[in-house]
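Okay, so here's the structure we're looking at.
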Amino acid sequence: MVSWELVAEAMDVLTRPKLRRYEVGPETIEILLRFLAPELPRVELDVATRDPDDAPVVAAALAGGAQAIVTGDRDLLDDRALREWLAGHGVSVLSAAELLARIGA
């Protein structure tokens, strides 16, 4: 699932000097945004994340109806308040090992 927050992050990344060699100009970004805009939900979070950069991931999980966020990010994994809030919305925060244990792999 894509969210406005993830599109904003992608646009930021695509304009970084390190990616200039790929020649992704403003016109290409505008075309991408016009293509995606009708499908992008806006999700407001009623909980703070320890790392503000994690908010787009949480918003996308909620917008997409995800059952879990699988991550190695300690800010997501160790934030008890966030995990409880997400659980109330039907979303688990799992490490890769926890996911494998759940699916019996």
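A short reminder: the numbers here are calculations on the coordinates, not readings from a lab. Note that the structure is a prediction, hence the values are computed from the model and not measured.
Once every DSSP H run of n ≥ 4 in the chain is given -39500 (n - 2.57) and the sum is divided by its residues, what mean residue ellipticity at 222 nm do you get, rounded to the nearest 500 deg cm²/dmol? Let's see the in-between values first.
Details: 6 runs with 51 residues, N = 105.
It lands at -13500 deg cm²/dmol.
Val93's amide H: which non-local residues (gap 5+, or another chain) put their own amide H closer than 5 Å, with H modeled 1.01 Å from N in plane and none for Pro or chain starts?
Ile69
Got the relative contact order for the chain handy, in percent, Cα pairs under 8 Å and 6 or more residues apart? Can you show the working numbers first?
Details: 96 pairs, mean separation 27.0, N = 105.
Computed value for the chain: 26 percent relative contact order.
Given that just one value was derived from the coordinates, which of [x] 44, 26, 26; [y] 63, 43, 26; [z] 43, 31, 21 is Cα extents along the principal axes in Å?
It is the value labelled [x].
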